[in-house]
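All remarks here apply to the structure that follows.
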Amino acid sequence: MIEQLLCNYPPVYKRYRYLSNFKYLLFDLYRDSLFFSFEVDTLVYRMNMKDSTVISFGNSGVDMDTAYPEFRTFEDSDIHFSACRQNYGYYRYLKWIPQTNVLFRGYQKQKAPFEDGLQVYRNRCLVADFNVPRGFEVIGYIAPWYYAGVKPDYANEKFIIYRFKL
């Protein structure tokens with residue numbers, strides 16, 4: 001059996017006529033909950049999958065450049081896709097850690113200084129917002145450490161994994 005769950009675009013997208021390069025859905029699952037958000041939306045949504053009720057929470061990331069360019073055609077959008085993704089701030093991922101009741105939301109700030117942000121939510125409240133290396137993504141938890149990684153450095157044949165405590 002296949003069931004369809006709807007995650008409608010939030011009102012923030014109505015501020016733009018055509019924001020094609022920042023329309024991706026972020027999500028993570030745990031038991032009866034679907035956590036989801038969108039790349040330009042400050043809110044995180046938690047849907048109860050038993051009855052489809054949705055609650056929202058969230059805070060803006062720090063030092064995010066959100067002066068997003070709009071393009072009139074798909075061709076222009078495609079031409080500028082990489083530059084937009086490198087130069088503007090957007091939310092990148094969600095990661096729920098059930099063992100500690102923590103939701104991480106990673107975000108890109110702006111082109112420089114090559115740092116990203118990491119928000120930490122517990123019980124729908126923002127408890128921390130850290131600077132982290134560009135591309136930093138939380139991947140899991142083995143007590144007492146949280147683990148994260150960044151894109152591999154293929155040129156130097158290095159894989160960097162971080163561990164940290166809250």
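Summary table
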{"quantity": "Matching residues in region 149-163 - criterion: being free of Cβ contacts under 8 Å to residues at least 24 places away in the same chain, surrounded by 14 or more Cβ atoms within 10 Å (Cβ to Cβ) and in a strand (DSSP E or B)", "calculated": "G149"}
{"quantity": "Candidate set from region 43-82 (those that are among the hydroxyl-bearing types (S, T, Y) and not in a loop (DSSP other than H, G, I, E, B)); member that is farthest from V138 (Cα to Cα)", "calculated": "S77"}
{"quantity": "Single residue of region 1-20 satisfying the filter (in contact with a strand residue (DSSP E or B) (Cβ under 9 Å, 6 or more places away or on another chain) and surrounded by 14 or more Cβ atoms within 10 Å (Cβ to Cβ)) that is modelled with the lowest pLDDT", "calculated": "C7"}
{"quantity": "Breaking point among (1) closer than 16 Å to L6 by Cα; (2) of a type in the set (A, V, I, L, M, F, W, C); (3) under 15 Å from the mean Cα position of the chain (by Cα), for I55", "calculated": "(3)"}
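The values are calculated or read from the model by the stated rules, or taken from the named source; none is laboratory data. Here the structure is a predicted model, which is why all the values come from computation and not from measurement. Methodologically, a virtual Cβ is constructed for each residue, glycine included, from the backbone with ideal geometry; neighbour enumeration extends over all protein chains shown.
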